[in-house]
Amino acid sequence: MESKNISSENFIIGSVINDYPLVRKISNDYNLDSTHFETAAAKEIWQAAESFYSQGQSVDAAGLIEFVESNKPSVDIDALTAVVVDSINVATNKENISKHIENVINKHKRRKATEHLTKGIKSITNGECLDNIIATTKHQLSNLKVSIDEKYSIEDTIKSMKDNYINIKNKGCFGVTSRWKQIQDHTTGYPFGKITVLGARPKMGKSTLALNEAIYSTIVNKIPTLICSIEMDRSELLEKAGSDIAEVDNKKLKLGELSVKDIDKFIKNGPETIAQCPLYIEDSPSQTVESICSNIREYVADHKVKFVIIDYLQIISSTPGMSFQNRAYEIQYMTNQLRIVAKETGVALILLSQISRPFKGKDGSTQAPMPEMHDLKDSGAIEQDAYIIMFIGPPTITPEPKPSWINPGIEQCTVKIAANRGGSSGEIHMMFHKPFNKFLSMVEYQSFKQRKNNDPF
């Protein structure tokens, strides 16, 4: 194995000596750099070749040796010369260069994997938290799993683009379809490979709206969906989802005020229905961004997950063993990691984010206007990494009077598309039915009113 790898390193160097524009192609298409090479001499020579190309100079054997020697290399000049001479003799068929590049990169991955595992074993020996060690090591190893063909093939990218455009033509969206037509019209779907941020103040229903979307995607569209919930556990999520599907008052359910008939209706139409669908829940209260990213990769590989909801950003545990200048830098690190994993796996990711609590007015009253971009905690990093940013806020139109039969838990609200790189912004007026844990569009609400007027509860 060792000699095979060294031969591949020589083949690559020999190829660029004979055809120096290959330096750019190899660097760009395969993201190869000097760190991937195992031998010190090969590292020095590749750095020199990149320097030559960046200056528009052709790469030749004598020039490489002279350049490296003049820059006080860390290896003996005879070793450098031997590598260059061997490389020229080895490189005879450039058609096979991708195979040799893959050999070098894979060997590099093996070395890095060994380093990560060795570090993990040392941490275990030192008595550090086992869960943190496992999460960190899994995250590091998962980053090494991406094949170079998946990551760098232009042909694959073009095919993916074509498939995406055909999907848009057939389904009218380029991501996971929203439950509500008005949101769908603005976003054309939650985009695959991107982050959608959903922000709201406490108790405004951000978890409910995201859960509504998850239920729709997994039950109606059969899209494998993962919920990473740090705030609510599995049973609470199923309870809320069941209330939505079965239209059962969640509060009455918890207080034991429902009839046996309604309880049976809830179980049959709620949890039992969900159990038959590709919905997956990770509800550990101590999830880190590393463990979340690792879980996303695993569920994508094992269950073909395409839709991910994370509830919510500000309560994700700090990264073990890492220190940050302040919370803003930590948030930046976390959103960047989530952006990377969304792009890598191709999932549509909704990231819930907390907005500052309502403030007190001069008259002592509580004021909670529609959130703006600056209301997002540590908003700089969030704005940078998000493709779509949505807010839930108070109604921005005159509220209509509630019919006498309407439960006090039904409230008017506005969903605002504040930023959208691939579509339009705007406001969508909705109703939030808290007892049923359900958001309704205004069209749905009118139908709902008619139905309940004919069959009041």
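Report the residues of the range 194-233 in range of a label on residue 383: point 7 Å along Cα→C-beta, backbone N strictly under 18 Å from it. From the range 194-233, the list is 195-200. Pop a pseudo-label 7 angstrom from the Cα along the beta-carbon direction at both residue 315 and residue 374 and give the gap in nm to one decimal. For residue 315 paired with residue 374, the spin-label model returns 2.8 nm. Once the Cα-Cα distance is subtracted from the 0.36 nm per residue extended length, the residue 259 to residue 442 segment shows a gain of 62.9 nm.
Taking packing as the residue-averaged number of other Cβ atoms within 10 angstrom, the listed peptides 231-244, 266-279, 206-219, 180-193 run from highest to lowest as 206-219, 180-193, 231-244, 266-279.
Counting other beta carbons within 10 Å of each Cβ, put 102, 290 in order, fewest first. Arranged by neighbour count, lowest to highest, 102, 290 become 102, 290.
Okay, which of the range 209-253 sit inside 11 Å, backbone N to the point 7 Å along the Cα-Cβ direction of residue 131? No residue passes the distance filter. Along the range 239-251 the Karplus relation, 6.51 cos²θ - 1.76 cosθ + 1.60 evaluated at θ = phi - 60°, assigns HN-Hα couplings of 4, 5, 5, x, 4, 4, 5, 8, 6, 10, 5, 5, 5 Hz to successive residues, with x for each Gly and Pro.
Given the peptides 107-114, 31-38, 323-330, arrange them by the average over their residues of other C-beta atoms within 10 Å, most packed first. Walk me through the numbers before you get to the answer.
On the way: 107-114: 15.0, 31-38: 16.6, 323-330: 12.0.
So the order, starting with the most tightly packed, is 31-38, 107-114, 323-330.
Which of the peptides 117-126, 438-447 is most tightly packed, and how do the rest follow, judged by the mean count of other Cβ atoms within 10 Å per residue?
Numbers: 117-126: 12.7, 438-447: 17.2.
Descending packing order for the listed peptides: 438-447, 117-126.
Each of 15, 51 has some number of other Cβ atoms within 10 Å of its Cβ, and from fewest to most they run 51, 15. Arranged from fewest to most other beta-carbon atoms within 10 Å of their beta carbon, 344, 372 become 372, 344.
Every number here is computed from the coordinates shown, using simple stated rules; none is lab data. Fair warning: this is a prediction, and the values are worked out from it, not measured in the lab. Cβ coordinates were reconstructed from backbone atoms using ideal geometry, including for glycine residues, and neighbour counts include every protein chain displayed.
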